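For reference, the structure is listed below as structure tokens.
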Amino acid sequence: MERIHTLAIQESCDTDFVRKVEEASGQKVSKCYQCGNCSASCAYTQVYDYPVNQIMRLVQLGQKEAVLQSHSIWLCAACQACTTRCPNNLDVARIMETLRIMSRQENKVAEKDIELFYREFLGSVKTFGRVFEAGLLPIFSLKAGKPFTDMDLAPQVIKKGKLAFLPHRIKGRKQVAEIFARFEAQQKNRKTEAE
């Protein structure tokens, strides 16, 4: 990804973006004073295009395009280390999740495989009431165009009894399906109201 031109930052400022992020996340992003604890506690900082504190600063500066197209928001594991160490009690992990949602809504996802995994994971939970790993992984690999990824691990995992060939029957499967149905109905209503 091409980094933003910092001298021309005012030209790409979207002041409404800050308000939307704060409203959607329930967090006051403007409270961040760039102490760097979030980036220092993040296990993935070395692979981010922008460390967490820079994502926070870019949000404060209204840099919507740079933030929503960044790889960092998709590589975040939501481990909560940043949230735990924030001296201003900001839920930084929630802000990162909010940015992922906004990135999907605006079709600006930088990590398509991660987004695909999210969708397939939730589809598995919706169908079976919990994740069915033996079904999730091959479907994800096929849809990602990498059908033989990790195939060498399958015999070892199966031999150790770590994967079941059939999904487990769980209590509450119907209730889990109802949660998805309510969410989908809510999303549909929002789209209808927006149009």
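What follows is calculated from the coordinates using simple rules that are stated; it is not laboratory data. Just so it is clear, the model here is predicted, and its values are computed rather than measured. Methodologically, a virtual Cβ is constructed for each residue, glycine included, from the backbone with ideal geometry; neighbour enumeration extends over all protein chains shown.
Points worth noting:
- For the stretch 35-115, chymotrypsin sites (Phe, Trp or Tyr not before Pro) meeting the loop criterion (DSSP other than H, G, I, E, B) and having at most 16 other Cβ atoms within 10 Å: Tyr44.
- Too-long pairs where the Cα-Cα distance tops 29 Å, listed order kept, from Lys20/Lys188; Lys108/Lys143; Lys146/Lys191: Lys146/Lys191
- Remark: Ser30, Ser41 ranked as Ser30, Ser41, counting other beta-carbon atoms within 10 Å and listing the fewest first.
- Loop-located trypsin sites (Lys or Arg not before Pro) in the stretch 123-195 (DSSP state not H, G, I, E or B) with no more than 15 neighbouring Cβ atoms inside 10 Å: Arg130, Lys160, Lys162, Arg169, Lys171.
- With contributions of -39500 (n - 2.57) from each DSSP H run of at least four residues, the per-residue ellipticity at 222 nm computed over the chain stands at -16500 deg cm²/dmol.
- Judged by a Cβ-Cβ distance under 4.7 Å, the unpaired cysteines of the chain are Cys13, Cys32, Cys35, Cys42, Cys76, Cys79, Cys86.
- Straight-line reach from Lys31: taking Cα to Cα under 16 Å and skipping same-chain neighbours fewer than 8 places apart, the aspartates and glutamates in range are Glu22, Glu23, Asp91.
- Each Cα pair under 8 Å and six or more residues apart adds its separation to the average, and for the chain the resulting relative contact order is 16 percent.
- Loop-located GluC sites (Glu not before Pro) in the stretch 45-154 (DSSP state not H, G, I, E or B) with no more than 15 neighbouring Cβ atoms inside 10 Å: Glu106.
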